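The values are calculated or read from the model by the stated rules, or taken from the named source; none is laboratory data. Because the structure is predicted, anything quoted here is derived from the model rather than measured. Positions of Cβ are backbone-derived with ideal geometry, glycine not excepted, and every protein chain shown enters the neighbour counts. The area values use the complete protein model at the heavy-atom level, side chains included, leaving out ligands, DNA and RNA. Shrake-Rupley method; radii C 1.70, N 1.55, O 1.52, S 1.80 Å.
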Amino acid sequence: MQDFEKLGIFYLGRHYDLANRKPLDSPVLYESRDLVTHGVCVGMTGSGKTGLCLSLLEEAAMDSIPALIIDPKGDLGNLLLTFPDLKPDDFLPWVNEDDARRKGLSTQEFARQQAELWQKGLAAWGQDGQRIANLRRNCDFAIYTPGSDAGIPVSVVRSFAAPPPELVEDRELFRERVSATATALLGLLGINADPIQSREHILISTLLDQAWRNGQDLDLPALISQIQAPPLARIGVLETEAFYPSKDRFQLAMMLNNLLASPGFEAWLEGEPLDVQSLLYDAHGKPRMSILSIAHLNDSERMFFVSLLLNQTLSWMRQQSGTTSLRALLYMDEIFGYLPPIGEPPSKRPFLTLLKQARAFGLGVVLATQNPVDLDYKALSNAGTWWIGRLQTERDKNRVLDGLEGVAASAGLSGGFDRQKIDQMLSGLGNRIFLMNNVHRGAPIVFETRWAMSYLRGPLTRSQIRMLMQGRKPVVAGPSGAALKSRATNSSDGASAIRPVLPPDVPQYFVPARSGGAVVYAPKLFACADVKFLDPKRQIDLDRKIALLAPITSDATPISWEDAEESELEAGDLEQAPAEGARFLPLPPAAGKAKNYASWSRDFANWLYANQRLDLFYSPSTGETSKPEESERDFRIRLQTVAREQRDAAVTELRKKYETKLRTLEDKIRRAEQLLRKEKQESQSELISSVISIGTSIFGALLGSRKTSTALGKATGAIKGVNRIRKQSQQAGFAEDNLENLQAQYEELQQQIEQESEALAAQYDVANEQFETFTVRPKKTHIAVKLCALVWTPQEREEV
């Protein structure tokens, strides 16, 4: 079998002769970048659809391509059941005990049989435990369980975070995001809301729209509060009260409050945030296959989560640079109900947007179903690759044919679509036999899917997911009631209700205080400055705003910038007057002298000059430099796309470089083989002719022929024929040596290609590259202190 371990290539199986019902030796190799135009996999239960899709995801992991994997049935967690040693003990915890009982075997014996089955199955497809080890090394695997703590919990309603500015500026996409979020949330309450007719939908959409446009996040408690007291006078042209009376709004608020207060809903409030970047890469930048298991959720909860995930994916996608290489995958098994031809579930709009726009950002969408009838084939006409397995009914087949015809029309290939031929091919498909229609590669092909490296044991139970994710769950903790009480103001702290009297030239301001209690102010020095980092050679130009709050002490050196804390405050945030009823902690003497503030301002500038620095990373392999404020992890993640693009271009050039040489050698070998056969045939013919001639001459001489001289002449001619035989044999030998030499050259060239491919893989392996670092420091002239003043900061509060 041809070598299938190639850069940017997915090994899916081998070609299949449908007419003779037998597999062929040539492997089916699929270029990963073709998946940028998305894919659809259709097949009935038992067709091998799950095995094919798992193999596709395995190949993505082998190529270090991360994926978001939505798992409605609970069987995609099998991706974590990979055992490089292929020992029975590895299989034992995961075998199905019911299957063992049906076969009359103990679980230990059944595990042994499964281990042997996987060893043989992998070997038959040119795979082994080392490839499984490579799979586990190239990607991280994790199972997330929103609404459950069986796997890694996901906090999806802790905050309805405002989308990034890029999405807000896209009116259509922002409108869809607002509408889908409102629809999904109301769906959790059992309200099937029409975006045009439903007051609930219009109100929640308006509140989300207003908050998000102002860059504000909304959590559920804040949303409940705003529903009771909307921060807007009108909705449309009607006053809010006329449009949606407070009594009716209270009912909606109570429904949301009941949802928030229900014990089962607590799991939705805990866990890791729904952050797509963290789902696709771990803390070190390693690609991750994130399996989002939703089998335990009811229909409304599934729709709610899938809609939020798709919208978060769109937001993440909008922040990525464009690429023609496959950056990441979004895979959903059993798409039934999420992309219907009729109706507008919350998931449909974001799916449509992804199918239209994700290709420009290198995000491939793969959708699978065993129910091909209830799909929006107009939307799926954007999918460039279709994998079709055995179908259950003639109706299913006709719907798939309609879909393929739509794909051909979208790709401008409608004239080359042979519906009757493909119909015949689909009718002949069997188990694990699929038709692949790839608009990038010409005519459809039929192939048999390869053996999956993952152990396909079926859906995982919650206890099994818990076992797989043991030690991976995030620690989620909140402040205890005692900790909250400890924040109360201590009345014996020496605070005074009298504001210290200061000279008018002492600059002083007040940090805004929250309502809810009497404020206790503590004096601190606030200093802010603009610092420019400039390096024209490396094209670095960064303005950094620095704001520090430093304690003011009674020591000989009242200010220590080393003890100062960074602050998010800006000069414009400070107020001119204190909160009503506030009390003030004692003011150190140095803070009452105006001249000290000018001195502290100069000290601040000198401290910034000595301590501010911009550390950047440089990648020797790609020549890329990290962006200002970009962490090593984010730089490494960004480089993986850059390196993959450079690698794909280099692989293309490598193929072009050797294509002519390989074809030339192949032609020479073919001609040498023909010449060798010809020389051997002529030598054999000469040998036979000479033997006959010699025999005839000798026979004639023995019989005493009168023409003895003639016989002797013939014998002499035969002996000359022997000489010709020797010459023919030498020529055949020369031809054979020439063939062996050409074959050796061909093998040497193949080895050279392999070595250069391995060198390319190593050259662009930025995941393990050791970055160089360099530092940019500001010039004194590039440090501008904007303010250095006394600020009164709220420290504690007392309940009133």
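Before moving on, here are some points about what is shown:
- Selection from Ala735, Leu186, Ser290 lying farthest towards where the dipole of the chain points positive, charges on Cβ: Ala735
- Those aspartates and glutamates that a straight Cα-Cα span of less than 13 Å connects to Lys779, excepting residues fewer than 8 apart in one chain: Asp530, Asp535, Asp541, Asp543
- Förster-model FRET efficiency, 30 Å R0, His296 and Lys421, C-beta, rounded to 0.05: 0.10
- Rolling a 1.4 angstrom probe over the chain with all protein chains present gives an accessible area of which 49% lies on carbon and sulfur atoms.
- Farthest toward positive dipole pole in the chain [+1 Lys/Arg, -1 Asp/Glu at C-beta], among Phe4, Pro23, Gln113: Pro23
- Note, ³J(HN,Hα) from phi for the range 31-41, Karplus 6.51, -1.76, 1.60, rounded to Hz, x at Gly and Pro: 6, 4, 5, 5, 6, 4, 8, 6, x, 10, 10
- Assigned charges on the beta-carbon of Lys, Arg, Asp, Glu; the chain dipole about Cα centre (debye): 2760 debye
- Options Gln770, Ser427, Asn382, ranked by Cα towards positive dipole end of the chain, top entry (Cβ charges): Ser427
- Net charge of neighbours whose Cβ lies under 10 Å from the Cβ of Ser427, counting Lys and Arg as +1 and Asp and Glu as -1: 0
- Amide N proximity, the range 264-307 versus Glu632 label position 7 Å along Cα-to-Cβ, cut-off under 15 Å: 283-286
- Solvent-accessible heavy-atom area per residue, rounded to whole Å², over the chain at 1.4 Å: 49 Å²
- Order by protection proxy (mean Cβ within 10 Å, highest first), peptides 329-335, 430-436: 329-335, 430-436
- Degrees, to the nearest 10: 129-138 long Cα axis against longest axis of the chain: 30 degrees
- Placing +1 on each Lys and Arg Cβ and -1 on each Asp and Glu Cβ, with no other charges, gives the range 1-109 a dipole about its Cα centre of roughly 440 debye.
- In the assembled protein chains, Phe250 presents an accessible area of approximately 100 Å² (probe radius 1.4 Å).
- Applying a threshold of 32 Å to the alpha-carbon distances of Lys120/Lys356; Lys49/Lys356; Lys627/Lys780; Lys6/Lys356; Lys22/Lys657; Lys356/Lys421 flags Lys120/Lys356; Lys22/Lys657 as lying beyond it.
- At R0 = 25 Å, FRET efficiency that the Cβ-Cβ distance of Asn611 and Leu534 yields, to 0.05: 0.90
- Antiparallel bridge percentage (DSSP; both residues within the chain; nearest 5): 60 percent
- Using C-alpha pairs below 8 Å separated by at least 6 residues, the relative contact order for the range 229-370 is 20 percent.
- For the range 78-125: rounded, prolate or oblate by the Cα gyration tensor [a/c cutoff 1.5]: prolate
- Averaging the sequence gap over all C-alpha pairs within less than 8 Å and six or more residues apart, then dividing by the number of residues, gives the range 139-210 a relative contact order of 16 percent.
- Cα gyration tensor shape of the range 20-74, rounded if a/c is under 1.5, else prolate or oblate by comparing a/b with b/c: oblate
- For Asp219, the amide hydrogen comes within under 5 Å of the amide hydrogens of Phe160, counting only partners 5 or more places away or on other chains and with H modelled in the peptide plane.
- Helix 632-702 vs. the chain, principal-axis angle (Cα, 0 to 90°, nearest 10): 10 degrees
- Under 12 Å, Cβ to Cβ, from Ala547 - net charge with Lys/Arg +1 and Asp/Glu -1: -2
- Once the Kirkwood radius over Cα pairs is known for the chain, the Stokes-Einstein relation at 20 °C and 1.002 mPa s delivers a diffusion coefficient of 65 µm²/s.
- In sequence order, calculated HN-Hα J values of the range 118-125 (Karplus, 6.51, -1.76, 1.60; Hz; x Gly/Pro): 6, 4, 5, x, 5, 4, 5, 10
- Total formal charge among the other residues, if their Cβ is under 13 angstrom from that of Ala571, Lys/Arg +1 and Asp/Glu -1: -3
- Here the contact order of the range 212-285, divided by its residue count and restricted to Cα pairs under 8 Å and six or more residues apart, works out to 28 percent.
- Summary of packing: across the peptides 178-187, 193-202, 270-279, the per-residue average of other C-beta atoms within 10 Å ranks them, highest first, as 178-187, 270-279, 193-202.
- Magnitude of the charge dipole, the range 112-220, Cβ model with Lys/Arg +1 and Asp/Glu -1, debye to 20: 520 debye
- Helix 708-763 and the longest principal axis of the C-alpha atoms of the chain enclose an angle of approximately 0°.
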